[in-house]
Amino acid sequence: MPRNAQLTTATFAELLAATHRTAVHLEMRDVYAVGDEAEDFETFLRTGVPNLDPGRSFWPQWMPLVTDAVARGVVMRRARIVSEPVTDYIRYEHAITPLNLQAGEDVRWLPRRLTSDIALPGNDFWLLDDEVVQFHHFTGTGDWAANGKERTTNPAAVALCHTAFKTVWDRAIPHEKYAVQATE
């Protein structure tokens, strides 16, 4: 893994390319409003149909990163903590998750009511090879904050993220078994 100066200047793609064993991602928000999903999300809200074309939106950049990492033997897992009934955004996210699975990620969902006794970091994160944490910072409306990413190799942060993800993962429901409940 890149160290020190490389850690702050490397792209996420470069960090993932340097990953050898595991890349885990914990998402904890009920709404994201990042620009590269806006058009597909609006269409989903209007039609109820997800865009599962891997050639659209952010997928052409993401899928090769994942397939390359998985081909090198990296285990990629994503866990999502969600409130129930779920928001429209989580319904959308659940509907497009087959593309994550197609790329090689394993995805699980954990209802927020089952997390009360888990020590969770304050932000979503990626943990790479149990060495590097990339925290994600969002605005209150779910868009990227001005300083949207923060990376650290601090042992306490790595340990917190490792334990939080493992606990969430062990309790979470595999994607194919998790049925979203829409808001009323």
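Any idea how far apart Asp143 and Ala156 come out in nm if each label point goes 7 Å out from Cα toward Cβ? Those two pseudo-labels are separated by 3.4 nm. Across the stretch 91-103, coupling constants 3J(HN,Hα) worked out from phi with the 6.51/-1.76/1.60 Karplus curve, θ = phi - 60°, read 4, 4, 4, 4, 5, 9, 4, x, 6, 4, 5, 4, 6 Hz, and Gly and Pro carry x.
Between Val75 and Thr163, the modelled label-to-label distance comes to 2.0 nm, taking each label 7 Å out from Cα in the direction of the beta carbon. In terms of surrounding Cβ atoms within a 10 Å radius of their Cβ, Glu150, Glu27, Glu93 rank from fewest to most as Glu150, Glu27, Glu93. Summarising the strand pairing of the stretch 1-134, around 35 percent of its internal DSSP beta bridges are antiparallel. Could you check which residue among Thr19, Thr141, Thr97 shows the biggest mean-square fluctuation in a GNM of the chain with a 10 Å Cα cutoff? Maximum fluctuation in the GNM of the chain, among the listed residues, is at Thr141.
Between Asp130 and Ala18, the simple label model (points 7 Å from Cα in the Cβ direction) yields a spacing of 2.0 nm.
Where a number appears in this text, it was derived from the coordinates with a stated rule and is not lab data. Just so it is clear, the structure is predicted and the values come from calculations on it, not from any experiment. Note that each Cβ is placed from the backbone with ideal geometry, even for glycine, and that neighbours are counted across all protein chains shown.
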